[in-house]
Amino acid sequence: MEKRQELYAGKAKSVYSTDDDDFVILCFRDDTSAFDGEKMEQLSRKGEVNNKFNAYIMEYLEKAGIPTHFESLLSANEALVKNMDMMPIECVIRNVASGSLCRRLGVKEGQELSPAIFEFFLKDDALHDPMINEYHIETFSWASKENVITMKELTFKVNILLKDLFSEAGMILVDYKLEFGVFKGKVVLGDEFSPDGCRLWDEKTRKKLDKDRFRQGLGGVIEAYEEVALRIGVTL
Ligand code: TYD
């Protein structure tokens, strides 16, 4: 597959076209951002760790019946993925209260959420990714009704699969965000799954092993990402 020009540069990844319109190359950079891009830093090795971590998770999910855009690892920081029409929506599941849920509702961080809470956010940095619901999505045609149902179902299936995967490695999957696209008419999991877009705590000590280390200036960000990867069996 031949890498052609850069199509898009996001906050942590860049997308390149290839000689096949059905596929693009995701390049995971070391750039790390928080608070809608207000805090930005380069963290050495982050691109490589997240690329390998994401490949492991996407292959794990695909084997368990979740359609994903992932095709193959191309290099330490590049992956070949399906070229999808992305829906501008973020699907979040929360198993334990943290982050914006606590800020919005005054709930104490660490409270177990049973049943788990599902939320939609609009992918729009300028608007600070506002929370939305099914009515906004339908009225503004951000996704079809059927695709909304499928995204929600898949996000809950991923919760069962990944809660188990991380629990077996001594970690709690506190919350996570997924993004979906449409490829040849089918809803497919896209973007990435890495400690940049989820919260993971050590089961015993409750130590934060995710991007909150960066957001909150706790240090040891990449060391924590590497620890999570190694604990679930990713080869770095
Ligand atoms: P949330 O608590 O809503 O926001 P914040 O991280 O700003 O406190 O996020 C819930 C989970 O979803 C968390 O693991 C981070 C992830 N997420 C993103 O990665 N990007 C986003 O734009 C949003 C809204 C959430």
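For region 173-236, count all C-alpha to C-alpha pairs, find those more than 19 Å apart, and express that count as a whole percent of the total.
39
Can you pull out the GluC sites (Glu not before Pro) in region 160-236 whose DSSP state is coil and whose Cβ has at most 14 other Cβ atoms within 10 Å?
Answer by residue number: Glu203.
Eigenvalues of the Cα gyration tensor times 5, then square-rooted: what semi-axes does that give for region 100-161, in whole angstrom, largest first?
23, 18, 9
For the chain, with a Gaussian network of springs between Cα atoms less than 10 Å apart, report the residue from Gly170, Gly219, Gly181 with the top mean-square fluctuation.
Of Gly170, Gly219, Gly181, the most mobile in the Gaussian network model is Gly219.
Mind counting lysine pairs for me in region 119-236? Cα separation below 21 Å, and the two need to be 8 or more apart along the chain or on different chains.
Total qualifying Lys-Lys pairs in region 119-236 comes to 24.
Let me check against my output: what whole-number percent is the relative contact order of region 1-144, with C-alpha pairs under 8 Å and at least 6 apart?
Details: 235 pairs, mean separation 21.4, N = 144.
Reported as a whole number, the value is 15 percent.
Report, in debye and to the nearest 20, how large the dipole of the chain comes out about its Cα centre when Lys and Arg carry +1 and Asp and Glu carry -1 on their Cβ.
720
Could you pull the accessible area for Asp175 with a 1.4 Å probe, rounded to 10 Å²?
Only protein atoms counted, so the area is about 10 Å².
Across bins of 5 angstrom width beginning at 0, how are the C-alpha pair distances of region 50-109 distributed, in whole percent?
4, 14, 16, 17, 16, 12, 13, 6, 2
At a 1.4 Å probe radius, which order do Thr235, Thr68 fall into by accessible area, largest first?
Thr235, Thr68
Within 14 Å, Cβ to Cβ, of Gly47, how many net charges do the neighbouring residues add up to if Lys/Arg are +1 and Asp/Glu are -1?
Here the count lands on -2.
Quick check: residue separation of Asp20 and Lys184 times 0.36 nm, minus the Cα distance between them. What number comes out in nm?
Result for the pair: 57.6 nm of gain on full extension.
List the lysines whose Cα lies under 21 Å from the Cα of Lys3, skipping any in the same chain that are fewer than 8 positions away.
Correct list for Lys3: Lys11, Lys13, Lys52, Lys82.
What Kirkwood hydrodynamic radius, in Å, does region 129-193 give when the mean of 1/r is taken over all pairs of distinct Cα atoms and then inverted? If you can, show how the numbers build up before the last one.
Numbers: mean 1/r = 0.0748 Å⁻¹.
Evaluated on region 129-193, it is 13.4 Å.
Over region 49-113, what is the relative contact order in percent, taking alpha-carbon pairs closer than 8 angstrom and at least six residues apart?
For region 49-113, the relative contact order is 21 percent.
If every alpha-carbon in the chain counts as one equal scatterer, what log10 I(q)/I(0) does Debye give at q = 0.08, 0.12, 0.15 1/Å?
-0.28, -0.66, -1.09
I need the fraction of alpha carbon pairs in region 60-188 separated by more than 23 Å, rounded to a whole percent. Before the final figure, lay out each step's value.
Values: 3283 of 8256 pairs.
Tail fraction, whole percent: 40.
Could you give the semi-axes, largest first, of the ellipsoid that matches region 1-95, computed as the square roots of 5 times the alpha carbon gyration tensor eigenvalues and rounded to whole Å? Kindly include the intermediate steps, with their values, before the conclusion.
Details: eigenvalues 85, 68, 42 Å².
Each semi-axis is the square root of five times an eigenvalue, giving 21, 18, 15 Å.
Which helices, taking whole DSSP H runs in the chain, have alpha carbons extending 15 angstrom or more along the helix axis plus mean Kyte-Doolittle at least -0.5?
Once both thresholds are applied, what remains is 145-168, 221-232.
Relative to the present Cα-Cα distance, how much length would full extension add between Glu112 and Glu223 at 0.36 nm per residue of separation?
37.3 nm
Anyone know which of Tyr16, Tyr176, Tyr225 comes out most mobile in the 10 Å Cα GNM of the chain?
Looking only at Tyr16, Tyr176, Tyr225, the biggest GNM fluctuation is shown by Tyr16.
The values are calculated or read from the model by the stated rules, or taken from the named source; none is laboratory data. On a predicted model such as this, the values are computed, not experimentally measured, just so you know. Virtual Cβ from ideal backbone geometry, glycine too; neighbours counted across all protein chains shown. What goes into the accessible areas is simple: the full protein's heavy atoms, side chains included, and nothing from ligands, DNA or RNA. Shrake-Rupley method; radii C 1.70, N 1.55, O 1.52, S 1.80 Å.
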